[in-house]
1. Identify the single condition in (1) surrounded by 18 or more Cβ atoms within 10 Å (Cβ to Cβ); (2) closer than 20 Å to residue 124 by Cβ that residue 46 does not satisfy, given that it satisfies every other one.
2. Can you find a residue in segment 88-105 that is surrounded by 12 or more Cβ atoms within 10 Å (Cβ to Cβ), touching a helix residue (DSSP H, G or I) at 6+ places or on another chain (Cβ under 9 Å) and over 21 Å from residue 8 (Cβ atoms)?
3. Out of (1) under 20 Å from the mean Cα position of the chain (by Cα); (2) closer than 18 Å to residue 117 by Cβ, what's the single condition that is false for residue 66?
4. Need pairs with beta-carbon distance below 9 Å; first residue on the phi > 0 side of the Ramachandran plot and touching a residue at least 40 places away in the same chain (Cβ under 8 Å) and within segment 76-102, second assigned to a loop (DSSP other than H, G, I, E, B) and loosely packed, with under 14 Cβ neighbours inside 10 Å; sequence gap 6+ or separate chains.
5. Which helices (runs of 4 or more DSSP H) does segment 72-151 wholly contain that include 1 or more residues that are more than 17 Å from the chain's Cα centre (by Cα) and under 30 Å from residue 43 (Cα atoms)?
6. Inside segment 1-67, counting only helices (runs of 4 or more DSSP H) that do not spill past its ends, which hold 3 or more residues that are within 20 Å of residue 78 (Cα to Cα) and without any contact (Cβ under 8 Å) to a residue 60 or more places away in the chain?
7. Is segment 1-8 home to any residue that is more than 15 Å from the chain's Cα centre (by Cα), at pLDDT below 95 and either crowded, with 18+ Cβ neighbours inside 10 Å or under 17 Å from residue 121 (Cβ atoms) (or both)?
8. As an exercise: evaluate residue 68 against (1) at pLDDT below 95; (2) crowded, with 17+ Cβ neighbours inside 10 Å and give the number of the one condition it does not meet.
């Protein structure tokens with residue numbers, strides 16, 4: 001498959017960029033955005049108080065999502081090949097899929113997050129992880145690997 005036509009990695013990049021912008025919106029627009037996206041009342045209150053924690057944690061997520069979008073574009077051949085692209089795409093796929101399926105175990109650690117937050121964000125993570133995984137599967141040989149023989 002021609003790498004510049006890998007719609008799955010392009011879609012994964014767009015999804016990561018959109019998620020990064022949504023998180024950036026929480027930093028810029030504050031507590032109301034944290035509440036709207038279901039991050040919990042504690043995060044919203046900390047943002048209202050001007051505490052550093054919501055901004056730092058959300059900034060880390062923004063940076064990660066931007067980097068992951070760049071790796072998706074790299075895997076799709078839209079930008080220069082980044083270091084360890086195949087490994088990065090494999091790890092990113094795994095993180096998104098793991099996050100998507102493990103929300104029940106994560107919920108007790110973040111009791112203020114709404115059920116809607118968990119269901120929507122987990123569904124989004126599963127979709128994005130599937131886009132990364134499918135795109136990586138299609139690009140595997142172009143990224144320097146062989147797929148296992150099918151019997």
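1. (2)
2. yes
3. If we test residue 66 against (1) under 20 Å from the mean Cα position of the chain (by Cα); (2) closer than 18 Å to residue 117 by Cβ, just (2) comes out false.
4. Correct list of pairs: 77/2.
5. 103-106, 115-139
6. In segment 1-67, 7-29 are the helices (runs of 4 or more DSSP H) which contain 3 or more residues that are within 20 Å of residue 78 (Cα to Cα) and without any contact (Cβ under 8 Å) to a residue 60 or more places away in the chain.
7. Within segment 1-8 (the criterion being more than 15 Å from the chain's Cα centre (by Cα), at pLDDT below 95 and either crowded, with 18+ Cβ neighbours inside 10 Å or under 17 Å from residue 121 (Cβ atoms) (or both)), the answer is yes, since at least one residue qualifies.
8. Condition (1) is where residue 68 drops out.
The values are calculated or read from the model by the stated rules, or taken from the named source; none is laboratory data. Quantities reported herein were computed from a predicted structural model and do not represent experimental measurements. Note: ideal-geometry Cβ built from the backbone for every residue, glycine included; neighbour counts use all protein chains shown.
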